[in-house]
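The values are calculated or read from the model by the stated rules, or taken from the named source; none is laboratory data. Here the structure is a predicted model, which means the values were calculated and not measured. Don't worry about glycine lacking a Cβ; one is built from the backbone with ideal geometry, like all the others, and counts go over all protein chains shown. For accessibility, only protein heavy atoms count, side chains too; no ligands or nucleic acids. Shrake-Rupley method; radii C 1.70, N 1.55, O 1.52, S 1.80 Å.
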Amino acid sequence: MSLNFFRGDCQHPPISVQSFGLCDDQNGTKAYPDTTDSSTWIAEVKNRNRLPIVFTAIDKCIIEDHELPDKGRCDAMLTTSDHLYLIELKDQRAEWIEVAKEQLVSTIELLLKNHDISGYRYKKAFACNRKRGKFAYIDNEENLTLFRRTGFRIDVQAEVVVV
């Protein structure tokens, strides 16, 4: 099955504000960006340089629930001309990090299978959780292995900084 991770019908118009949120209502609908109600944000995107960032819904749009049932998928992708960030949004307390990492790695593999993303300078995957604030636990050896294999690093935090 061929997937187009850059389908326009799954994208929101570019967002160029310094800070906005990423939301997932956890009710079977797709994730979305928000610039007004920070109480709904699971993660915050810090965009100090006000770059135009395109939000793409992956789960429930690029990959529908009935497609690839054996493959995990993350919630969203953020892109600029230089950045490609994959985002998994969680709103739970227990045992979420491994599940989020598995979803991100599966999405990275699908993305690499379907697209040449060598033109992106910055590639990261973020596991974000509203219930867990600022922290960054990820095994360094595991992260290095993933980076060597895919070109992506994974961060576990609720703040996505676009540099």
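Looking at the stretch 83-98, is at least one residue under 25 Å from residue 115 (Cβ atoms), open to solvent by 40 Å² or more (accessible area, probe 1.4 Å) and at pLDDT 95 or above? The answer is no; no qualifying residue exists.
Report, by residue number, each residue of the stretch 99-121 that is open to solvent by 50 Å² or more (accessible area, probe 1.4 Å) and under 15 Å from residue 146 (Cβ atoms). Spell out how you get there, then give the answer.
So in the stretch 99-121, the residues open to solvent by 50 Å² or more (accessible area, probe 1.4 Å) come out as 99, 102, 109, 112-113, 116, 118-119, 121.
The answer is 102, 109, 112.
Screening the stretch 57-67 for residues that are open to solvent by 20 Å² or more (accessible area, probe 1.4 Å) and either modelled with pLDDT of 95 or more or of a type in the set (Asp, Glu) (or both) and picking the one that is farthest from the chain's Cα centre (by Cα) gives 67.
Applying the condition of being in contact (Cβ under 8 Å) with a residue 40 or more places away in the chain and hydroxyl-bearing (Ser, Thr, Tyr) to the stretch 32-80 and asking which residue is farthest from residue 103 (Cα to Cα) yields 80. If I go through the stretch 112-129 residue by residue, how many of them are more than 11 Å from the chain's Cα centre (by Cα) and under 17 Å from residue 160 (Cβ atoms)? Counting residues in the stretch 112-129 that are more than 11 Å from the chain's Cα centre (by Cα) and under 17 Å from residue 160 (Cβ atoms) gives 4.
Which residues, taken from the stretch 11-25, are part of a loop (DSSP other than H, G, I, E, B) and in contact (Cβ under 8 Å) with a residue 60 or more places away in the chain? Give the derivation first.
Restricting attention to the stretch 11-25, the residues satisfying the condition of being part of a loop (DSSP other than H, G, I, E, B) are 12-14, 16-18, 24-25.
Of everything in the stretch 11-25, just one residue is part of a loop (DSSP other than H, G, I, E, B) and in contact (Cβ under 8 Å) with a residue 60 or more places away in the chain, namely 24.
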